[in-house]
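This report concerns only the one structure given below.
The values are calculated or read from the model by the stated rules, or taken from the named source; none is laboratory data. Keep in mind it's a predicted model, so treat the numbers as computed, not measured. Don't worry about glycine lacking a Cβ; one is built from the backbone with ideal geometry, like all the others, and counts go over all protein chains shown. Just so you know, the surface numbers come from the protein's heavy atoms only, side chains and all, with ligands and any DNA or RNA stripped out. Shrake-Rupley method; radii C 1.70, N 1.55, O 1.52, S 1.80 Å.
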Amino acid sequence: MTTAAPAPRPRRALLRAAILPAGLAASLVLVPLPAAFAAGPAAPTEAGPLRIHDVQGTTRISPQAGKPVTGVPGIVTGVRAYGSSKGFWIQDPNPDADPATSEGVFVFTGGNPTVKVGDSVLVSGKVTEYYPSFSGGSQSVTEITGPAVTVVSSGNPLPAPVVVDTRNIPGTYAPTAGADGSIDQVALNPEKYALDFYESLEGMLVEVKDVRVVQATDKYNELWVAADKQDQRSKRGGVLYESYAEPNVGRLMVQQQAAVSQQPFPVANVGDVLTGTTSGPLDYNQFGGYTLVAGTMGALQDNHLQREVTAKASDRELTLATYNVENLAPGNPDSKFAELAQGVVTNLRSPDVVALEEIQDDNGSKSDGTVDASQTVAKFIAAIKAAGGPAYDWRSIDPQDGKDGGEPGGNIRQVFLFNPQRVSFTDIAGGTATTAVGVAGTGADTALTASPGRIEPNDEAWTNSRKPLVGQFSFRGQKVFVIANHFNSKGGDQGIDSRFQAPARSSEVQRVKQATIEQAFVAKLLAADKEARVVSLGDFNDYQFSPALAALTKDGVLRDLVNELPETEQYSYVYQGNSQVLDHILVSPEVGYAKYDVVHINAEFAEQASDHDPQVVRIKP
């Protein structure tokens, strides 16, 4: 994953850390643990004074945080016996009348739990607020840790799950934060805010019925469903992310309690349906927020989603495509090269020019000073030819070792592939990793000072990020300037489910700087030749409504073609259940005729050659 994109996710086997925010820790009076608790609590013999709703309280932070509790009663509703978060959920079958207080809680055991679903138990331990990613802005999970457990009886009926659907999910996503920017201590209003609604059900049994899959099954055996049918639907069954102000409220991640070795997880694509009932405790994790951990999984109904093939171009149309090939290196399986090549040849119909992102150097992620990528590119070109495509030529500029971000040691860069039978590349000497390309001449004589070249590679805007690669092409006697991009990733941004509202998008600052520099370069080209034909394309790691794209299109030097698609087709990537735009093709005003297509072949599928969908445009220079 790029990123894209958001940064690659760390593996699920995380070390757990119970954290109290500094402000909360300062305000709490932590009760010294009794001697028995210091060595571990004794197994309770009778119910204590507190129920689960007393532990959960009416905000995200337990009023008992940091304190011991004894004999908390509940029915075991789910057991997780794998991963780094082993434990079980309990729920009180006798709820209070306050909709803000959850009746369920997770009991973190660390080792394999010895209880079973349906056991009536008493639990003693310490109440802890666990932040899966405190520094990343995640919300917390209220837990009982270091537990001593007494099983009172077994085989008890479970509390009825709360049905989560359009009827009870609020249409407003997040509450207003407190003075500290956090919603941790803000009183829950589950009838008004979706995040409060889910928090009020934390640890409780919930269920969804006949829900559409809006993000395909991933390698961690998770998928996303749309619990709210009113979220904006994409043409192919996903849900569209259309603005910062209105996140989709009904997205839920689905995991399962059983290990995959014991129970296969459904392999689903976007638009498939989990029919019947999917139910289990509602959890929270840093990779997707609120998560239904299923004890009962609905049956998978295959919607037979098909990979798209773009329209055929006429002989007089120049076709240009962008494709993020996700850290392609010679050591990748031959099957990855073959699948990517098939996408270029069959689904994109062998474009005249292909801008590739995330081409790694010849030894992939090995960090030994290698920056050349000729073996990577040659292997991909050979795979394209084997798939029936043209014998592409190529141009690129090797980056400085370790200076362009991405996977350490990989030295990812953009590469132009072009079909020399259809288009010619104008080679102009002087382009290096550190040389800034300029504009020479005026009118019909306008040219780059280096081709290929890099746009302002020494500017601080490109620190640890890919520099734009620009090339001068000729098609049927017409000059075309093409810019291949891979802007700074979203790594470090707070999630939309963050405890901080509105969440900070720290990475956006750098992308706005990058967009401003590129816009100035395009403006310089157009000042030299107002009829210059410019195509800027690639993985911009940002949305069509973002400040970065606004900066890039300032003064009309470029127009973003994704805005000319029907609204339900505006996406190229799926993240946390949101179908969203990260990849773009933009053109200068002289490029009036532009037939643009996002070709959906990866992002919506469980089996992917890349995590991005490629795009293609047909123009008549």
Could you list, in sequence order, the residues of the range 47-60 that are out of contact with any strand residue (DSSP E or B) (no Cβ under 6 Å at 6 or more places or on another chain), assigned to a loop (DSSP other than H, G, I, E, B) and not polar (S, T, N, Q)? Pro49, Arg51, Gly57, Arg60
So for the range 527-543 (the condition being in a helix (DSSP H, G or I) and either of a type in the set (A, V, I, L, M) or surrounded by fewer than 17 Cβ atoms within 10 Å (Cβ to Cβ) (or both)), does at least one residue qualify? yes
With the checklist (1) outside any loop (DSSP other than H, G, I, E, B); (2) open to solvent by less than 10 Å² (accessible area, probe 1.4 Å); (3) under 30 Å from Asp98 (Cα atoms) in hand, flag the one item Asp210 doesn't pass. (2)
Collect the residues in the range 191-207 that are assigned to a loop (DSSP other than H, G, I, E, B), open to solvent by 10 Å² or more (accessible area, probe 1.4 Å) and of a type in the set (Asp, Glu), keeping them in residue-number order. Glu191
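Working only within the range 93-118, note down all residues that are of a type in the set (Asp, Glu) and buried (at least 22 other Cβ atoms within 10 Å of the Cβ).
Glu103
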Please indicate, with yes or no, whether at least one residue in the range 504-518 is crowded, with 19+ Cβ neighbours inside 10 Å and in contact with a strand residue (DSSP E or B) (Cβ under 6 Å, 6 or more places away or on another chain). no
What's the number of the only condition in (1) farther than 30 Å from Ser374 by Cβ; (2) assigned to a loop (DSSP other than H, G, I, E, B) that Gly331 fails to meet? (1)
Taking Thr291 and the conditions (1) within 30 Å of Trp89 (Cβ to Cβ); (2) open to solvent by less than 30 Å² (accessible area, probe 1.4 Å); (3) part of a loop (DSSP other than H, G, I, E, B), which numbered condition does it fall short on, given that it satisfies the others? (3)
From Phe416, Phe473, which residue is aromatic (Phe, Trp, Tyr), over 31 Å from the mean Cα position of the chain (by Cα), under 22 Å from Pro621 (Cβ atoms) and not in a loop (DSSP other than H, G, I, E, B)? Phe473
A careful count of residues in the range 436-450 that are crowded, with 22+ Cβ neighbours inside 10 Å and either modelled with pLDDT under 95 or over 17 Å from Ile517 (Cα atoms) (or both) gives 1
Go through (1) more than 34 Å from the chain's Cα centre (by Cα); (2) surrounded by fewer than 21 Cβ atoms within 10 Å (Cβ to Cβ); (3) of a type outside the set (Gly, Ala, Ser); (4) closer than 27 Å to Leu188 by Cα for Val123 and report which single condition fails. (2)
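Mind telling me which of the residues Ala433, Ala378, Ala382, Ala461 ends up being surrounded by 15 or more Cβ atoms within 10 Å (Cβ to Cβ) and in a helix (DSSP H, G or I)?
After applying the criteria, what remains is Ala461.
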Tell me which residues, restricted to the range 61-88, are over 22 Å from Pro159 (Cα atoms), of a type in the set (A, V, I, L, M, F, W, C) and assigned to a strand (DSSP E or B). Val69
Taking the range 337-375, which residues are assigned to a loop (DSSP other than H, G, I, E, B), under 15 Å from Ala609 (Cβ atoms) and over 26 Å from the mean Cα position of the chain (by Cα)? none
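Conditions tested, residue by residue: (1) part of a loop (DSSP other than H, G, I, E, B); (2) buried (at least 24 other Cβ atoms within 10 Å of the Cβ); (3) at positive phi.
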{"position": "Gly237", "(1), (2), (3)": "yes, no, yes"}
{"position": "Val260", "(1), (2), (3)": "yes, no, no"}
{"position": "Tyr284", "(1), (2), (3)": "no, yes, no"}
{"position": "Phe287", "(1), (2), (3)": "yes, no, no"}
{"position": "His304", "(1), (2), (3)": "yes, no, yes"}
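Open to solvent by less than 20 Å² (accessible area, probe 1.4 Å) and either of a type outside the set (Phe, Trp, Tyr) or in contact with a Gly (Cβ under 6 Å, 6 or more places away or on another chain) (or both): does that describe Ala174?
Spelling it out, it is not the case that Ala174 is open to solvent by less than 20 Å² (accessible area, probe 1.4 Å) and either of a type outside the set (Phe, Trp, Tyr) or in contact with a Gly (Cβ under 6 Å, 6 or more places away or on another chain) (or both).
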